[in-house]
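Asks: Before we start, here is the structure in question, set down as structure tokens.
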Number of protein chains: 2
Amino acid sequence: MTLSIVDLAEIRAVATEELVFTAVRDALVAHAEGRTQLPPPIALVFPEAGGDCHVKAGQLAGAPYFGVKVATGFYRNAERGLPSNSGLILVLDATTGVPAAVLADEGWLTAWRTAAAGALVTHALTPPDVDEVGVLGTGLQARLQVEWLHALRPLARVRIWGRRAEAARRVCDELPLDARPATLEEAAGSACVITATPSTTPLAPASAFAGALHVTGIGTDLPGKGELPPSLFPGAVVVTDDHAQCLDHGDFGNAVRAGVVGSEVDVPAGVVLRDGVERPAGRTIADLTGLGVADAAVASAVFTALSR
Amino acid sequence: MTLSIVDLAEIRAVATEELVFTAVRDALVAHAEGRTQLPPPIALVFPEAGGDCHVKAGQLAGAPYFGVKVATGFYRNAERGLPSNSGLILVLDATTGVPAAVLADEGWLTAWRTAAAGALVTHALTPPDVDEVGVLGTGLQARLQVEWLHALRPLARVRIWGRRAEAARRVCDELPLDARPATLEEAAGSACVITATPSTTPLAPASAFAGALHVTGIGTDLPGKGELPPSLFPGAVVVTDDHAQCLDHGDFGNAVRAGVVGSEVDVPAGVVLRDGVERPAGRTIADLTGLGVADAAVASAVFTALSR
């Protein structure tokens, strides 16, 4: 077997923004067109160790490779001086089933595809003249969502709110932009708002988002989470990366369960990226829960580039 | 990351019969006692390439490692001079979630755990004085089931039936035993019978098994398969490796759906191995569909042995 382990340095050398943007865009469009396989993931839990393991597989029709992603979160690893999250993506040949490579990406491909999906959809749904963005959240994705969006449209002004002021300050310092810590009202009131937190309750009342023409929520990756108030949804155009997944554990699902919006009103993100959008009169909301097919598409593109 | 790829030669060096028997026995007992995690597998299909991919994860409480197995079958690979089946088992640390190794086992750990589970259960359920076995099937498992059973109890007489006489002859030649090709009636009429075929219809009518005190069926690994006639089940003691899995796609499930036996009559194989059995008056039937937890247990034991 010629299976090889590809380390992060090798992955970084080929996984350019362009490669990731293209792969994620293709994955979202293909998913909207029914040209993907995205079976339900496998979950294992380790109560004694405070850990969990998720296995996701996905396939994009026509891609030369498909992927199986294994991601773990063990939340007492810090006591051992280890990062909480580990994982890898196994790349397999879609014509022969033969395992081709293990991408030991240390979680970065997931981070990049999440950033790329958010940036693509946020850019598509935000009016072209908007150059300010408000961010709720101070984690890795708070920074990456801004950086990747800035690659699609130059941002003149970024306002970041977090529960911890010093974390907001740190993210602002890391961004090569006019980025400043802000109050919740300032950040949520921007013309374009991105939420990127692990919150399980709405971050702010709907009134705080009064100035937002577009809101992208990317934090709801698992059941039980929620960032946006359900009352933000009535009258908005709702865009989802996966209808069933967003119903199950996205903010869209929370709004449907709250009874304020119908369960069939959402538009697939891939349709928005493929066809563009006529700017609606009301607000747009993108609920992005993370697409296993995007992992597979990025992994296939990375390994294809490495094989050249 | 210190992730390493372990090849088949390295695996063979530590995966002794004793190691595999112990790991599989522990897995079956733990599974019967509810000390395992065995979430539903992931399946992908590749109609254009004539392929499929199955991902199974399992965990045995207390084992130092857990496993994620990826197995593919691409049935046009022969045209390319490649084997149809590929796969590997990813071993992860159950305390930290960190990937520890890729066991590039070329499917052998699955073959061995299947042989060990069959041999353990067949041995436990067959009266001690029986030293003859009839086998229906001529594939790899037909040979391995006999070899691994022979390691637990010396076999004096093996009778093998297959649809293709030359295949039965070949298996007999490979066995260092008194093994001879036989008619379906001779093989199915042995005191101990093992079925190991990919059949989707019963291999013989119940009357052909009249002389069988015990029957082990190991071929029903996927929905749509079936080896044993439902009418063999009434009055028999039925042993299953996993209740839900055997109901879903084992011969036990076929018999339940045929309405000849209740859906709750089965006894867990792990209980039989743990407690032994008083030989019942009637026939015993073991329906073994293959346990992902056995993969995890064997992978953990192999990697533990390699790490010493």
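The values are calculated or read from the model by the stated rules, or taken from the named source; none is laboratory data. Nothing here was measured: the structure is a model prediction, and the numbers come from that model. Positions of Cβ are generated from backbone atoms using ideal geometry, with glycine treated the same way; all protein chains shown enter the neighbour counts.
Asks: Any residue at all in segment A:280-287 that is of a type in the set (Asp, Glu) and either at pLDDT below 95 or in a helix (DSSP H, G or I) (or both)?
Replies: Taking every residue of segment A:280-287 in turn, none turns out to be of a type in the set (Asp, Glu) and either at pLDDT below 95 or in a helix (DSSP H, G or I) (or both).
Asks: Go through segment A:183-210 and give me each residue that's out of contact with any Asp or Glu (no Cβ under 8 Å at 6 or more places or on another chain), within 16 Å of A:GLY139 (Cβ to Cβ), at pLDDT 95 or above and part of a loop (DSSP other than H, G, I, E, B).
Replies: A:ALA196
Asks: Within segment A:144-160, track down each residue that is crowded, with 22+ Cβ neighbours inside 10 Å and under 20 Å from A:VAL24 (Cβ atoms).
Replies: A:GLN145, A:VAL146, A:TRP148, A:LEU149 - these are the residues of segment A:144-160 that are crowded, with 22+ Cβ neighbours inside 10 Å and under 20 Å from A:VAL24 (Cβ atoms).
Asks: Is there a residue in segment B:112-126 that is outside any helix (DSSP H, G or I) and more than 14 Å from chain A (Cβ to nearest Cβ)?
Replies: Taking every residue of segment B:112-126 in turn, at least one turns out to be outside any helix (DSSP H, G or I) and more than 14 Å from chain A (Cβ to nearest Cβ).
Asks: Of the residues A:VAL298, A:VAL239, A:VAL293, which single one is outside any helix (DSSP H, G or I) and either in the same structural domain as A:ALA15 (by TED's automatic domain parsing) or under 22 Å from A:THR110 (Cα atoms) (or both)?
Replies: Matching residue, one of A:VAL298, A:VAL239, A:VAL293: A:VAL239.
Asks: When you check B:LEU109 against the structure, is it part of a helix (DSSP H, G or I) and either touching a residue at least 60 places away in the same chain (Cβ under 8 Å) or facing another protein chain (nearest Cβ under 10 Å) (or both), yes or no?
Replies: The answer is yes for B:LEU109.
Asks: If you don't mind, another one. In this structure, does A:LEU273 turn out to be in a helix (DSSP H, G or I) and either within 25 Å of A:VAL146 (Cβ to Cβ) or in contact (Cβ under 8 Å) with a residue 60 or more places away in the chain (or both)?
Replies: Yes, satisfied.
Asks: Anything in segment A:1-19 that is surrounded by fewer than 16 Cβ atoms within 10 Å (Cβ to Cβ) and away from chain B (no Cβ under 12 Å)? List them, or say none.
Replies: Matches in segment A:1-19: A:ARG12, A:ALA13, A:THR16, A:GLU17, A:GLU18.
Asks: Could you tell me how many of the residues in segment B:228-270 are aromatic (Phe, Trp, Tyr) and in contact (Cβ under 8 Å) with a residue 40 or more places away in the chain?
Replies: Looking only at that region, the number is 1.
Asks: Right, another one. Among the candidates B:ARG169, B:ARG180, which residue alone is at pLDDT 95 or above, assigned to a strand (DSSP E or B) and surrounded by fewer than 22 Cβ atoms within 10 Å (Cβ to Cβ)?
Replies: Of the residues listed, the single one that is at pLDDT 95 or above, assigned to a strand (DSSP E or B) and surrounded by fewer than 22 Cβ atoms within 10 Å (Cβ to Cβ) is B:ARG180.
Asks: So in segment A:261-271, with the set limited to residues that are more than 15 Å from the chain's Cα centre (by Cα) and surrounded by 15 or more Cβ atoms within 10 Å (Cβ to Cβ), which one is nearest to A:VAL293 (Cα to Cα)?
Replies: Ranking the candidates gives A:VAL271 first.
Asks: Quick test for you: out of A:THR22, A:THR2, pick the one residue that is among the polar types (S, T, N, Q) and at pLDDT 95 or above.
Replies: A:THR22
Asks: Take segment A:73-94 and flag every residue that is surrounded by 17 or more Cβ atoms within 10 Å (Cβ to Cβ) and either hydrophobic (A, V, I, L, M, F, W, C) or at pLDDT 95 or above (or both).
Replies: Residues satisfying the conditions are A:PHE74, A:LEU88, A:ILE89, A:LEU90, A:VAL91, A:LEU92, A:ASP93, A:ALA94.
Asks: Looking for something in the same structural domain as B:CYS192 (by TED's automatic domain parsing), surrounded by fewer than 24 Cβ atoms within 10 Å (Cβ to Cβ), farther than 30 Å from B:LEU44 by Cα and touching a helix residue (DSSP H, G or I) at 6+ places or on another chain (Cβ under 7 Å) - is there at least one such residue anywhere in segment B:218-230?
Replies: Yes, segment B:218-230 contains a residue that is in the same structural domain as B:CYS192 (by TED's automatic domain parsing), surrounded by fewer than 24 Cβ atoms within 10 Å (Cβ to Cβ), farther than 30 Å from B:LEU44 by Cα and touching a helix residue (DSSP H, G or I) at 6+ places or on another chain (Cβ under 7 Å).
Asks: Condition first: under 18 Å from B:PRO127 (Cβ atoms), buried (at least 24 other Cβ atoms within 10 Å of the Cβ) and of a type in the set (A, V, I, L, M). Now tell me which residues in segment B:272-289 satisfy that.
Replies: Those that are under 18 Å from B:PRO127 (Cβ atoms), buried (at least 24 other Cβ atoms within 10 Å of the Cβ) and of a type in the set (A, V, I, L, M): B:ILE285, B:ALA286.
Asks: Assess whether B:ALA204 counts as being crowded, with 23+ Cβ neighbours inside 10 Å, of a type in the set (A, V, I, L, M) and touching a residue at least 24 places away in the same chain (Cβ under 8 Å).
Replies: Against the criterion (crowded, with 23+ Cβ neighbours inside 10 Å, of a type in the set (A, V, I, L, M) and touching a residue at least 24 places away in the same chain (Cβ under 8 Å)), B:ALA204 does not qualify.
Asks: Turning to a different aspect of this structure: Considering each residue of segment B:214-226, count those that are modelled with pLDDT of 90 or more and over 18 Å from B:ALA117 (Cα atoms), and give that number.
Replies: 2
Asks: Specify which of the listed residues (B:VAL98, B:VAL130, B:VAL158, B:VAL135) is farther than 20 Å from B:PHE21 by Cα, within 11 Å of another protein chain (Cβ to nearest Cβ) and of a type in the set (Val, Ile, Thr).
Replies: Answer to the selection: B:VAL98.
Asks: Report yes if A:ARG163 is in the same structural domain as A:THR284 (by TED's automatic domain parsing), surrounded by fewer than 21 Cβ atoms within 10 Å (Cβ to Cβ) and closer than 22 Å to A:ALA116 by Cβ, otherwise no.
Replies: For A:ARG163, the condition - in the same structural domain as A:THR284 (by TED's automatic domain parsing), surrounded by fewer than 21 Cβ atoms within 10 Å (Cβ to Cβ) and closer than 22 Å to A:ALA116 by Cβ - is not met.
Asks: Within the group A:LEU120, A:LEU125, A:LEU136, A:LEU144, which residue is free of Cβ contacts under 8 Å to residues at least 60 places away in the same chain and assigned by TED's automatic domain parsing to the domain that holds A:GLY282?
Replies: Criteria check complete, one pass: A:LEU144.
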